[in-house]
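Presented below is the structure to which this report refers.
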Amino acid sequence: MRSVRLLVHPLSEAVRAGLVLRLRHATVEPLDRVRPEGDACLLLGDSAPLASLIRAGIPTRLVTAKPSPAEVEMVRSTACDIVNPDRYLPSRQLIRQQLDAGMGQPGLLRLHRWQTEAAPPLRDLDLTRWLMGQAPERVFALANGASLQVHLGFPGGGMALLDLVTTLPNGDGYVSLSVIAASGAVHADDHHNVQLAYRGGRPQALRTEEDAGQLATIAQEWLAHTPGEDHWQAVFALAEAVQQSLTTGRAIALEAA
């Protein structure tokens with residue numbers, strides 16, 4: 001079998017080592033932005049080379065939690081796509097697998113994100129639509145200082161509550177996610193991934209990160225010629241509804257997507 005040339009930008013030694021360890025029949029190379037040559041490309045958050053890669057005809061996957069409308073429009077009708085890396089965290093992949101394996105339709109999703117900086121909730125809105133398996137029909141949002149809460153109502157009575165709090169001091173963030181479905185529940189909580197390290201003085205709590213195989217999963221799907229769904233326009237519309245609700249103080253009905 002011919003080895004596939006996978007271009008990655010930016011490419012650190014840690015990223016290269018992780019991909020080489022997990023990918024079969026693929027070489028991992030840095031992107032030459034002057035003369036890009038390869039079979040496929042992963043752009044890790046930096047969309048600057050995207051236009052030149054499209055012109056060169058190289059299938060490209062932009063990995064970003066907050067794409068812009070211009071980036072989404074740029075990849076439309078091309079051999080390129082944009083994916084939310086949160087979907088590919090092992091815990092999120094496992095939750096989706098459990099739902100698909102027979103847990104039934106999700107009825108309640110609860111996601112809490114505690115971090116330092118405010119950020120558009122695109123990653124969480126996208127993740128929620130993906131795990132719930134359908135688009136919401138109504139949204140209501142409230143903001144109180146550094147706290148944002150978004151309530152989503154789904155056809156059939158399902159709902160989701162997302163909250164973003166930005167009061168955490170500089171350092172690691174914290175995310176918890178729970179999904180209750182027809183025949184069970186699944187949870188992912190950063191607290192569960194914390195290990196105590198005794199190095200003298202008081203013990204330190206060190207989080208075991210999930211992202212070791214994240215990029216490999218994204219790359220494997222891409223190399224298998226499985227493009228992502230064209231869903232970002234619906235996510236943008238949902239984010240706009242959140243802003244409308246914050247402005248008006250009312251629930252916003254969404255068009256069927």
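Bear in mind that the values in this text are calculations on the coordinates, not laboratory data. Here the structure is a predicted model, which is why all the values come from computation and not from measurement. Because the Cβ atoms are built from the backbone with ideal geometry, glycine has one as well, and the counts that use them run over all protein chains shown.
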**Prompt:** What does the charge add up to near MET103, with Lys and Arg as +1, Asp and Glu as -1, over the other residues with Cβ less than 15 Å from its Cβ?
**Reply:** +1
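Roughly how many debye, to the nearest 20, is the charge dipole of the range 91-222 about its Cα centre, given +1 on each Lys and Arg Cβ, -1 on each Asp and Glu Cβ, and no other charges? Let's see the in-between values first.
On the way: 10 positive and 13 negative charges, 48 e Å.
In debye, rounded to 20, the range 91-222 gives about 220.
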**Extension gain (nm, one decimal) between HIS225 and ALA205, 0.36 nm per residue minus Cα-Cα** = 3.2 nm
**Prompt:** Which residue, ARG22, ARG123, ARG92, has the most motion in a Gaussian network model of the chain that connects Cα atoms within less than 10 Å?
**Reply:** ARG22
**Asked** Counting other Cβ atoms within 10 Å, which chymotrypsin sites (Phe, Trp or Tyr not before Pro) in the range 196-255 have at most 15 and lie in a DSSP loop?
**Response** TYR198
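Counting only helical runs of four or more DSSP H residues, what would the 222 nm mean residue ellipticity of the chain come to if each run contributes -39,500 (n - 2.57) and the total is spread over all its residues?
Values: 7 runs with 71 residues, N = 257.
The per-residue figure over the chain is -8000 deg cm²/dmol.
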**Asked** Taking the Cα centre of the range 175-257 as the origin, how large is its charge dipole in debye, to the nearest 20, when only Lys and Arg (+1) and Asp and Glu (-1) carry charge on their Cβ atoms?
**Response** 500 debye
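Determine the gain in length on full extension of the stretch ARG76-GLU37; use 0.36 nm per residue of separation and subtract their C-alpha separation, reporting nm with one decimal.
Working: separation 39, 0.36 × 39 = 14.04 nm, distance 2.17 nm.
Going from the current span to full extension adds 11.9 nm.
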**Request:** Would you work out which of GLY201, GLY102, GLN244 lies farthest towards the positive end of the dipole of the chain, given +1 charges on the beta-carbon of Lys and Arg and -1 on that of Asp and Glu, about the Cα centre?
**Result:** GLY201
**Request:** Rounding to the nearest 20 debye, state how big the charge dipole of the chain is about its Cα centre with +1 on each Lys and Arg Cβ and -1 on each Asp and Glu Cβ.
**Result:** 320 debye
